[in-house]
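**Student:** One structure follows; several queries about it will come next.
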């Protein structure tokens with residue numbers, strides 16, 4: 001019984017998960033603490049105990065989302081394999097790792113769309129949330145640059161990664177607009193965007 005209880009998400013974690021989904025789905029402005037409390041099944045005062053204001057809750061969601069993104073993309077970079085048909089005695093190249101990270105990000109758009117959606121929403125909302133997002137992303141980008149190619153120009157690779165992140169969020173937004181217009185998912189369109197992004201990144205780091 002004790003083990004089962006320890007596996008139960010904490011109240012703080014439940015609040016963050018629910019807020020992440022609500023902010024991504026409905027937007028920050030359209031989400032009230034009252035509606036969030038009803039959705040979670042707790043009192044509004046409980047939310048305010050953990051997060052004294054809606055603004056503080058949004059900042060907590062930013063940290064939560066960046067942490068999730070960071071762990072998943074770092075795993076992808078570390079687990080990268082040489083491209084099919086090519087074997088490298090030294091293991092995966094920088095391009096292999098970039099492809100792995102790009103593909104992992106695209107997969108997140110399908111398996112965890114709320115992570116990319118909340119990044120897009122925070123950018124729309126602006127400061128102080130967007131400023132907090134930029135600061136939270138800094139160590140994530142530094143770690144990704146180190147994992148991708150320890151011997152490269154770290155600052156240059158950081159700029160490439162930031163540009164790549166912005167483009168992936170843009171592609172996700174474009175896909176969402178297409179869906180809102182009633183257009184069926186187009187794998188050819190998505191593959192073309194993926195290939196163009198990878199080609200652009202490999203050119204930039206060459």
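**Student:** Please rank 138, 114, fewest neighbouring Cβ atoms within 10 Å first, as an exposure proxy.
**Tutor:** Working: 138 12, 114 19.
Least to most surrounded, the residues fall as 138, 114.
**Student:** What FRET efficiency, computed as 1/(1 + (r/R0)^6) with R0 = 25 Å and r the Cβ-Cβ distance, is obtained for residue 203 and residue 17, rounded to the nearest 0.05? Working shown, then result.
**Tutor:** Numbers: r = 39 Å, r/R0 = 1.54.
Between residue 203 and residue 17 the formula returns 0.05.
**Student:** Same structure, new question: Multiply the residue separation of residue 10 and residue 187 by 0.36 nm, subtract the distance between their alpha-carbon atoms, and state the gained length in nm to one decimal.
**Tutor:** Numbers: separation 177, 0.36 × 177 = 63.72 nm, distance 3.89 nm.
Difference between extended and current length: 59.8 nm.
**Student:** Let me ask something additional. Going by how many other Cβ atoms sit within 10 Å of their own, how do 34, 96 line up, fewest first? Each step should come with its number before you reach the end.
**Tutor:** Details: 34 11, 96 18.
Sorted ascending by nearby Cβ count, the order is 34, 96.
**Student:** Please work out the FRET efficiency for the pair residue 53 and residue 112, using the Cβ-Cβ distance as r and a Förster radius of 30 Å; give the result to the nearest 0.05.
**Tutor:** After rounding, the FRET efficiency stands at 0.70.
Readers should treat all values here as calculations from the given coordinates under stated rules, not as data from a laboratory. What you see is a predicted model; the values in this text were computed from it and never measured. Ideal geometry is used to build each Cβ from the backbone, glycine not excepted, and the neighbour counts take in all protein chains shown.
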